[in-house]
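The values are calculated or read from the model by the stated rules, or taken from the named source; none is laboratory data. Computed from a prediction, not measured in an experiment: that's the story for all the values here. Cβ atoms come from the backbone with ideal geometry, glycine included; neighbour counts cover every protein chain shown.
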Amino acid sequence: NDLGYVIGNEAEIRALCKTDDTEAALAKTAEICPLVVCTRSGDGVTLVRGAERVDVPVEKVVPVDATGAGDQFAAGFLYGLATGRDLETCGRMGNICAGEVIRHIGPRPQTDIMALFKAEGLV
């Protein structure tokens, strides 16, 4: 298996495993993939790597437009992963990116993401 990670939302992870049970889907996906990233909308993100599980909460906001939120989450998460951050920090970075883009119309950030990371002490 050459798969390094899977990133998806709850519905996608459940569909991948053909189950309505998110926890069962996470466990099954973790058996075949070393890193599972499951976004849960307003409930944050769950990260599973081997026996390690990290649940990272999100700042609750009323979304203006969710277009691009998943892609922006992935961009922030993968930036953290590529720069050697721990799983919690990667999740926080992804959440910050998604949280920025849902605050306005359109899929691209309107704020300096690195400045947001710095404000949270992540870089």
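Here is how the numbers come out for the structure above:
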{"item": "Pick from the stretch 23-68, criterion assigned to a helix (DSSP H, G or I) and of a type in the set (S, T, N, Q), ranking: modelled with the highest pLDDT", "result": "T29"}
{"item": "D20 vs. criteria modelled with pLDDT of 95 or more, more than 28 Å from V123 (Cα to Cα) and surrounded by fewer than 18 Cβ atoms within 10 Å (Cβ to Cβ)", "result": "yes"}
{"item": "Which numbered condition I96 misses (of (1) modelled with pLDDT under 95; (2) in contact with a Phe, Trp or Tyr (Cβ under 8 Å, 6 or more places away or on another chain))", "result": "(1)"}
{"item": "Restricting the stretch 76-101 to residues that are among the aliphatic types (A, V, I, L, M) and buried (at least 18 other Cβ atoms within 10 Å of the Cβ), the residue that is farthest from E59 (Cα to Cα)", "result": "L81"}
{"item": "Filter result (aliphatic (A, V, I, L, M) and closer than 16 Å to M93 by Cα) within the stretch 37-48", "result": "V37, V45, L47"}
{"item": "Long-range neighbours under 6 Å by Cβ, at least six apart or interchain, first residue in a loop (DSSP other than H, G, I, E, B) within the stretch 106-121, second surrounded by 11 or more Cβ atoms within 10 Å (Cβ to Cβ) and not aromatic (F, W, Y)", "result": "P107/T67; P107/G68; P109/E100; P109/V101; Q110/H104; T111/E100"}
{"item": "Scan of the stretch 1-16 for residues that are farther than 21 Å from C90 by Cβ and either modelled with pLDDT of 95 or more or touching a Gly at 6+ places or on another chain (Cβ under 8 Å) (or both), ordered by number", "result": "A11, R14, A15"}
{"item": "Hey, E88 touching a residue at least 24 places away in the same chain (Cβ under 8 Å), of a type in the set (D, E), in a loop (DSSP other than H, G, I, E, B) and closer than 21 Å to V123 by Cα or not", "result": "no"}
{"item": "The stretch 1-22: number of residues that are part of a helix (DSSP H, G or I), over 10 Å from V37 (Cβ atoms) and touching a residue at least 12 places away in the same chain (Cβ under 8 Å)", "result": "4"}
